[in-house]
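Report on the structure given below.
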Amino acid sequence: MDYNILWFVLIVILFTGFFFLEGFDYGVGTLLTLISDKESDRSQLIRTIGPVWDGNEVWMITAGGATFAAFPHVYATMFSTFYIALFLMLVALILRGVAFEFRHHREDEVWQRRWSYAIAFGSVVPAFLWGVAVTN
């Protein structure tokens with residue numbers, strides 16, 4: 001088996017794992033503000049993905065690193081072509097991570113609602129931009 005094929009299969013497995021695992025997190029984050037107006041329901045939704053949401057992003061980082069290691073020209077082309085989309089995705093993922101951490105720091109309902117909207121925004125934008133990047 002050729003090394004290019006082996007690396008390609010590994011990268012496909014890594015991205016597939018990321019999309020399956022992170023897709024659930026994106027779905028929960030997207031529906032967070034639409035399912036219920038009660039804060040207890042939103043907190044329950046967040047608790048379903050709380051222990052694993054940041055671990056799922058390791059799949060994306062590993063897939064990106066494997067792409068850089070095995071196919072540097074593909075990596076360079078991908079990043080130069082989708083620079084703006086990847087930058088917006090990075091900002092949305094950072095906002096989502098901050099929202100997950102800061103949401104429970106105060107018991108104020110307005111505070112938690114704003115961070116819930118930040119989680120929803122940080123889930124919708126990357127899902128949309130991944131769709132744009134993969135379909136191009």
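Each reported figure results from applying straightforward, stated rules to the coordinates on display, with no laboratory input. A quick note: this is a predicted structure, and the numbers were derived from the prediction, not measured. Here the Cβ is made from the backbone with ideal geometry for all residues, glycine too, and neighbour counts use every protein chain on show.
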- Message: Tell me which of ILE35, PRO51, PHE79 sits at the most positive position along the dipole axis of segment 3-135, charges placed on C-beta atoms (Lys, Arg +1; Asp, Glu -1).
- Response: PHE79
- Task: Normalise the Debye intensity by I(0) for the chain, one equal point scatterer per Cα, no solvent, then take log10 at q = 0.19 Å⁻¹ and round to two decimals.
- Result: -1.07
- Select from the chain the helices, each a whole stretch of DSSP H, whose alpha-carbon atoms run 24 Å or more along the helix axis and whose Kyte-Doolittle mean is at least -0.5; answer none if there are none. 3-35, 53-70, 83-102, 109-135
- Query: What shape does segment 81-126 take by its C-alpha gyration tensor, where a ≥ b ≥ c are the square roots of the eigenvalues and a/c under 1.5 counts as rounded, a/b above b/c as prolate, and the rest as oblate?
  - Reply: prolate
- Query: In nm, to one decimal, how far is the THR48 label point from the ILE94 one, both placed 7 Å along Cα→Cβ?
  - Reply: 3.0 nm
- On full extension of the chain, what length is gained from PHE79 through GLU39, given 0.36 nm per residue of separation minus the C-alpha to C-alpha distance? 10.5 nm
- Note on the structure: Using alpha carbon centers only, segment 71-124 is separated from segment 6-68 by a whole-angstrom value of 12 Å
- Task: Please state the charge dipole magnitude for the chain, taken about the Cα centre, from unit charges on C-beta atoms (+1 on K and R, -1 on D and E), reported in debye and rounded to the nearest 20.
- Result: 160 debye
- Item | Likely footprinting exposure, TRP59, TRP111, fewest C-beta neighbours within 10 Å first | TRP111, TRP59
- Message: Starting from the 7 Å offset along Cα-to-Cβ, what nm value, one decimal, do you get for the label separation of GLU101 and VAL134?
- Response: 2.8 nm
